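The block underneath contains the structure these notes are about, expressed in C-alpha coordinates.
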Amino acid sequence: MRSRFSESTTVLAIIALTVVIRVGEFIPNMAPMTALAVFGAWALRSKRLAFVIPVVSMIVGDVALALK
(Lines give C-alpha, C1' and ligand atoms only; values in the text may rest on other atoms or scores of the structure.)
Protein backbone atom coordinates (compact mmCIF):
# COMPACT_ATOMS: atom_id res chain seq x y z
CA MET A 1 0.00 0.00 0.00
CA ARG A 2 1.39 3.36 -0.97
CA SER A 3 1.53 6.25 1.47
CA ARG A 4 -0.14 9.56 0.62
CA PHE A 5 2.74 11.54 2.07
CA SER A 6 6.27 11.68 0.77
CA GLU A 7 9.23 11.15 3.06
CA SER A 8 10.20 14.82 2.84
CA THR A 9 6.72 15.86 4.02
CA THR A 10 7.01 13.48 6.94
CA VAL A 11 10.44 14.82 7.85
CA LEU A 12 9.28 18.45 7.79
CA ALA A 13 6.18 17.61 9.82
CA ILE A 14 8.25 15.81 12.45
CA ILE A 15 10.69 18.73 12.74
CA ALA A 16 7.89 21.29 12.97
CA LEU A 17 5.97 19.32 15.60
CA THR A 18 9.08 18.80 17.70
CA VAL A 19 9.99 22.48 17.61
CA VAL A 20 6.44 23.54 18.51
CA ILE A 21 6.34 21.16 21.47
CA ARG A 22 9.81 22.19 22.62
CA VAL A 23 9.22 25.93 22.37
CA GLY A 24 5.61 25.89 23.56
CA GLU A 25 6.30 23.87 26.71
CA PHE A 26 2.78 22.45 26.62
CA ILE A 27 3.59 19.28 28.50
CA PRO A 28 5.94 19.54 31.50
CA ASN A 29 8.83 17.05 31.60
CA MET A 30 8.23 16.01 27.99
CA ALA A 31 11.29 14.98 25.99
CA PRO A 32 10.35 15.41 22.33
CA MET A 33 13.96 15.03 21.16
CA THR A 34 14.25 11.54 22.60
CA ALA A 35 10.93 10.50 21.11
CA LEU A 36 11.97 11.97 17.77
CA ALA A 37 15.27 10.11 17.77
CA VAL A 38 13.64 6.77 18.55
CA PHE A 39 10.77 7.26 16.10
CA GLY A 40 13.06 8.56 13.37
CA ALA A 41 15.34 5.56 13.61
CA TRP A 42 12.35 3.26 13.36
CA ALA A 43 10.26 5.03 10.72
CA LEU A 44 12.71 6.46 8.22
CA ARG A 45 14.45 4.41 5.60
CA SER A 46 17.58 6.52 5.56
CA LYS A 47 19.78 6.17 8.62
CA ARG A 48 21.42 9.47 7.72
CA LEU A 49 18.04 11.23 8.00
CA ALA A 50 17.39 9.47 11.30
CA PHE A 51 20.55 11.13 12.62
CA VAL A 52 20.17 14.54 10.96
CA ILE A 53 16.52 15.22 11.86
CA PRO A 54 17.00 15.40 15.66
CA VAL A 55 20.07 17.59 15.21
CA VAL A 56 18.22 19.99 12.89
CA SER A 57 15.25 20.03 15.27
CA MET A 58 17.49 20.96 18.18
CA ILE A 59 19.14 23.76 16.21
CA VAL A 60 15.80 25.20 15.03
CA GLY A 61 14.34 24.83 18.52
CA ASP A 62 17.31 26.61 20.11
CA VAL A 63 16.99 29.48 17.66
CA ALA A 64 13.26 29.72 18.36
CA LEU A 65 13.91 29.71 22.12
CA ALA A 66 16.56 32.40 21.75
CA LEU A 67 14.11 34.60 19.86
CA LYS A 68 11.32 34.03 22.36
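The values are calculated or read from the model by the stated rules, or taken from the named source; none is laboratory data. Bear in mind that the values here come from a model prediction, so they are computed numbers and not experimental data. Only protein heavy atoms, including side chains, enter the accessible area calculation; ligands, DNA and RNA are left aside. Shrake-Rupley method; radii C 1.70, N 1.55, O 1.52, S 1.80 Å.
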Can you give me the angle between helix 32-43 and the longest principal axis of the chain, using Cα atoms only, in degrees from 0 to 90, rounded to the nearest 10?
0 degrees
With every protein chain left in place, what is the accessible area of I59 in Å² (1.4 Å probe, nearest 10)?
100 Å²
